[in-house]
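First the structure, in the form of structure tokens, and then the observations on it.
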Amino acid sequence: MGSPVQLSLGVALKDEATFANFFEKDANAQVLAALKNLTATSSSEAQNIIIWGAPGCGVTHLLQAVCHDAYEARKSLQYLPMNELIGFDANDICEGLEGIDLVCIDGVDAICGNRSWEHAFFHLYNKIKEAGHTLVFSSHTSPPSLPILLPDLKSRLLASVVYHVESLTDTEKQNAMIMRAQARGMEMSEDVAKYIMQRAPRDTSELFELLDRLDDASLQQQRKLTIPFVKETLQF
Amino acid sequence: MSNTAWEHCVSFLRDELPAQQFNTWIRPLRVDDTQEELLRLIAPNRFVLDWVNDKYMDRIRDILTHHTTINSNQVEITVAARKVASFQKFRPHEDQAADMRGSRNGRAAPMAEAPSYNQNTYSADTPVNNAQPVNAAVGQSGGGPQDRDEFFDNSFNSINDTANRSQHNTGNSFSNFDETIPSLSSSVYQDYQNAGNVSDQERQVVSVPQPARINKSDVEGGLEHKSNLNPNFVFDNFVVGKSNQLGLAAATQVAENPGGSYNPLFIYGGVGLGKTHLMHAVGNALCEKRVGAKVVYLHSERFVADMVKALQLNAINDFKRYYRSVDALLIDDIQFFAGKERSQEEFFHTFNALLEGGQQIIVTCDRYPKEIEGLEERLKSRFGWGLTVAIEPPELETRVAILKRKADQARMNLPNDAAFFIAQRIRSNVRELEGALKRVIANAHFTGRDISVELVRESLKDLLALQDRLVSIDNIQRIVAEYYKIKVSDLHSKRRSRSVARPRQVAMYLAKDLTHHSLPEIGEVFGGRDHTTVLHACRKIKELLESDADIKEDVKNLLRTLTT
């Protein structure tokens, strides 16, 4: 029987998606400012934003960061990850959401071509706009290229303010990984980060998932992040 | 107490659950601040409530019991009530109060509706407990005692007004506008009496005007018409051009002579061309012309939803009475009636009743009546009884004029060349044109620069960019092999001759630049090579890009082919 595994649940430092732990690059300064402004203002005017970028560029992180800020500001919110929810009844999920201050729809690409979701979002968009509330979409596809069948929905999405989120370069990803490790209380040297970057998937979400594994293993084994430790843990 | 306990619980769940689950199911839950003895969580809708109840409630109860002073039987979860149907007289009081506060000055009530919390309470111990947290509802709607005082004062002014007015008008309803002020039903008074937290002073106020109680059968007195008109959509800010001048002329005529020969007015055209703007403009003009005009705007989906609700509540007569007592009924996007037979039938009868009563009907649609699939023939033919006008996509000059007008409204200076630049690129509809302008204005605000063609180009680069540069390695290998006129299998082979090795290095460089694959993965699909070979290839090509014009040209051409 192996030794009991120390659970890091509830012990690891929080690393939820916030603006503070989103690696900022100059090209993304404007989208970050616009998103932070959503919860900072008390404007009653409806605000609709779409952020889009390549997979791994951080749109999900940004939407969750907006939710974090809204929660802190005691605003009501609903986050909808469409890749998870596409199989459920669109009307059930959208019911009553016009009464919510902030609705974040993550991955609108997933519902393109799905008649019932397109209609549900069209009606939700109208009701949220009427209510003067905020709707934020994310997509991995340029909004004009979204294969939406319902033109009424597409034109409404394109009436939103569209921001592109630039992906990080490899060097920026490396620095982002060091920053995220630090946020979890782990010290990661540049050499270790470079070692991981040359071997691991270069998609940021997958890269940051590795940090979870390293965090757990480092806590269980009480070891620092060295190249041999990383090699052993991640089996490179 | 309950807020602190919930915060404590949330911090546990934040650490235990994946971020996606935490944000989807836990963060949307709010605490009902008005409860002192129990922790009542409010879910945005029944779906979230059911999910939380099913998946997380045990854990929530567990955390609260072990880490706070809350007991499991002090925890319950409820759902925010759905928006009530327009026709419903006996509406939840907090909605009624909110509406009345909004419509005090005689204008349309605000479109925002405070959520109410009076349905479907689930307790931690009892699976379903349809509790009625009346106090919570009043608190959540933001209506303090002072608000309620104002509300009652206005309510009774309204009730007294109604009591002095004559009964149901006949014939052309616009000739009797003065007699048809909407009023408040006595049920609201009952609701507040039952609320349990009405102060003595307030009770005194509400107990005075008993004679003004409205008879429920009083067609006019029992109904409160909520116009839903957007005050920003008026004729003054409608930009006219060749494409929409007919529509504008017809709408203006209807505003001047409602219920006349242009009844119904059927406006059709593509999305985002201003149909809804025109419709609201007529409604606003009618309200401007006659105070108290009962003009009701609604999307066809709302009509359907109200009818479904009426059927559920066995209140179809209230529904009929509501929609047949308006002076003007404005229904948007009628094409969404397609296939909804019962709604079509009800609308058909409402349509006939309104037409007979000389009440104005305006309908918008995305196509000509005869072309609407799934719509009854009798409705299609009736839509043609009045005037049918088309709105076409605006021509360039109109698009420029719209942009200039919108920029003026936003107090931004939009030079002509910049306006033309946008208008030439966004041609489909006005809504998208506005979206593009909003992006330009956001950029101008952020950078502190004036709007210029250069700034517009920079701003629209985001909007008009094609797919982000993300392609498959297979595709890269195919395109590179075609470009250098070699076989894909050569890229996988062990051959090291310059004619094959250089294209292979270019392909590896592009794979690293355009995909998220790791270096070992890239090496693997190039004939099982080591990641250091990929690293070497990338460094080599990067170096050659600085020194070799041919390679630079090749990479440029390949990038263009792969990313456009």
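Coordinate-derived values only; no laboratory data. Bear in mind that the values here come from a model prediction, so they are computed numbers and not experimental data. We place every Cβ from the backbone using ideal geometry, glycine too, and count neighbours over all the protein chains shown.
Using 0.36 nm per residue, how much length does the chain from B:H445 to B:R498 gain when fully extended, once their Cα-Cα distance is taken away?
On the way: separation 53, 0.36 × 53 = 19.08 nm, distance 5.29 nm.
13.8 nm is the gain from fully extending B:H445 to B:R498.
Averaging 1/r over every pair of different alpha carbons in segment A:8-164 and inverting the result gives a Kirkwood radius of 15.9 Å. Here the label points at B:D54 and B:E543, each 7 Å from Cα along the C-beta direction, are separated by 6.0 nm in the simple model.
Can you give the FRET efficiency for A:K36 and B:S452, using 1/(1 + (r/R0)^6), R0 = 30 Å, r = Cβ-Cβ distance, to the nearest 0.05?
0.70
Here the 3J(HN,Hα) profile of segment B:341-349, calculated from phi with Karplus coefficients 6.51, -1.76 and 1.60 at θ = phi - 60°, is 5, 5, 5, 4, 5, 5, 5, 4, 5 Hz, Gly and Pro shown as x. Loop-located GluC sites (Glu not before Pro) in segment B:335-403 (DSSP state not H, G, I, E or B) with no more than 11 neighbouring Cβ atoms inside 10 Å: B:E373. Which residues does the label zone of B:A410 cover in segment B:262-287, counting backbone N under 19 Å from a point 7 Å along Cα→Cβ? Label zone hits: B:272-274. Computed from backbone phi, the HN-Hα couplings of segment B:294-305 come to 8, 9, 10, 9, 7, 6, 4, 4, 5, 4, 5, 4 Hz, rounded to whole numbers (Karplus: 6.51 cos²θ - 1.76 cosθ + 1.60, θ = phi - 60°; Gly and Pro given as x). Taken along the Cα-to-beta-carbon direction at a fixed 7 Å, the label points for B:K556 and B:H67 span 5.9 nm.
Per residue, the convex hull spanned by the alpha carbons of segment A:94-179 comes to 119 Å³. Hydrodynamic estimate: the Kirkwood radius of segment A:170-234 over Cα pairs, inserted into Stokes-Einstein at 37 °C and 0.692 mPa s, corresponds to D of 286 µm²/s. Label-to-label distance for B:Q312 and B:E341 is 2.2 nm, based on points extended 7 Å past Cα in the beta-carbon direction.
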